[in-house]
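The values are calculated or read from the model by the stated rules, or taken from the named source; none is laboratory data. Being a predicted model, the structure only gives us computed values, none of them experimental. Cβ coordinates were reconstructed from backbone atoms using ideal geometry, including for glycine residues, and neighbour counts include every protein chain displayed. All accessible areas refer to the heavy atoms of the entire protein, side chains included, with ligands and DNA or RNA removed. Shrake-Rupley method; radii C 1.70, N 1.55, O 1.52, S 1.80 Å.
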Amino acid sequence: MTKTIIKTAAVKVMLSYDYSHFEASMSLENESGLTMQEIDDARKKCQRLADKAVGQYKKAKKMAENRSNGEYRMRNFEDECKRIQAKNEQDRTVEEIAILKQYEDENWQAQFDYDYDYDDDDDYGL
């Protein structure tokens, strides 16, 4: 009885999350043959890619939500700072002093910057 040598294999992972579908597929080829471990490793890499896509999708969705609320939150922050500035210095709480310090920072608006374009911020073990 001859042993069958697997020379090509394909793995595919499909995920559905929040009405979105993510798919990763990979083909392997080796004239000398593929082991089940190599095929399983490819499956794991595909799973990691699909998981990464879901993670980036979640982050992008959160950033979009933050962007839509950002202008409102920025106005509220400015209004709160003006209210704190109107108080006597000795009447300000430690938290209010920290808020004013943040407001006086020339780059305070950056905290409301929610740009995200599916950055490769994690390699998910790939």
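Give me the percent of accessible area attributable to carbon and sulfur for the chain, probe 1.4 angstrom.
On the way: 4510 of 9590 Å².
Exposed carbon and sulfur together represent 47 percent of the surface.
Using the crude model of +1 on Lys and Arg Cβ and -1 on Asp and Glu Cβ, and no other charge, please compute the dipole size for the chain relative to its Cα centre, in debye to 20. It would help to have the intermediate numbers written out before the result.
Values: 20 positive and 28 negative charges, 145 e Å.
So the magnitude is around 700 debye.
Label segment 35-84 by shape, choosing from rounded, prolate and oblate, from the square roots a ≥ b ≥ c of the eigenvalues of the Cα gyration tensor; if a/c is under 1.5 it is rounded, and otherwise prolate applies when a/b is larger than b/c, oblate when it is not. Please list the in-between numbers first.
Details: a/c = 12.40, a/b = 5.19, b/c = 2.39.
Because a/c hits 1.5 or more and a/b exceeds b/c, segment 35-84 counts as prolate.
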Out of 76, 55, 35 - ranked by how far each Cα lies towards the positive end of the dipole of the chain, with unit charges on the beta-carbon of charged residues - the top one is 35
Local electrostatic count at residue 18 - Lys and Arg +1, Asp and Glu -1, tallied over other residues with Cβ under 9 Å = +2
For segment 1-79, what number results from the quotient of the Cα radius of gyration and 2.2 N^0.38 Å?
-> 1.85
Sorted by average packing, counted as other Cβ atoms within 10 angstrom per residue and highest first, what order do 42-51, 56-65 take?
-> 42-51, 56-65
Longest principal axis of the chain (C-alpha) makes with the long axis of helix 36-86 (C-alpha) an angle, in degrees to the nearest 10, of 10 degrees
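Based on DSSP H runs of at least 4 residues, each adding -39500 (n - 2.57), what is the mean residue ellipticity at 222 nm of the chain after dividing by all its residues, to the nearest 500 deg cm²/dmol? Present the calculation step by step, with values, prior to reporting the outcome.
Numbers: 2 runs with 62 residues, N = 126.
Computed mean residue ellipticity for the chain: -18000 deg cm²/dmol.
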Heavy-atom accessible area per residue of segment 12-126, all protein chains kept, 1.4 Å probe, expressed in Å², is 74 Å²
Would you kindly find the accessible area of residue 26, with a 1.4 Å probe and non-protein molecules such as ligands, DNA and RNA excluded, rounding to the nearest 10 Å²?
-> 50 Å²
Simple SL model, points at 7 angstrom along Cα→Cβ for residue 2 and residue 23; separation in nm is 3.5 nm
Between residue 75 and residue 12, what is the label-to-label distance in nm when each label sits 7 Å out along the Cα-to-Cβ direction?
-> 4.9 nm
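Excluding same-chain pairs closer than 8 in sequence, count the lysine pairs in the chain whose Cα atoms lie under 13 Å apart.
Lysine pairs satisfying the spacing and distance rule in the chain number 4.
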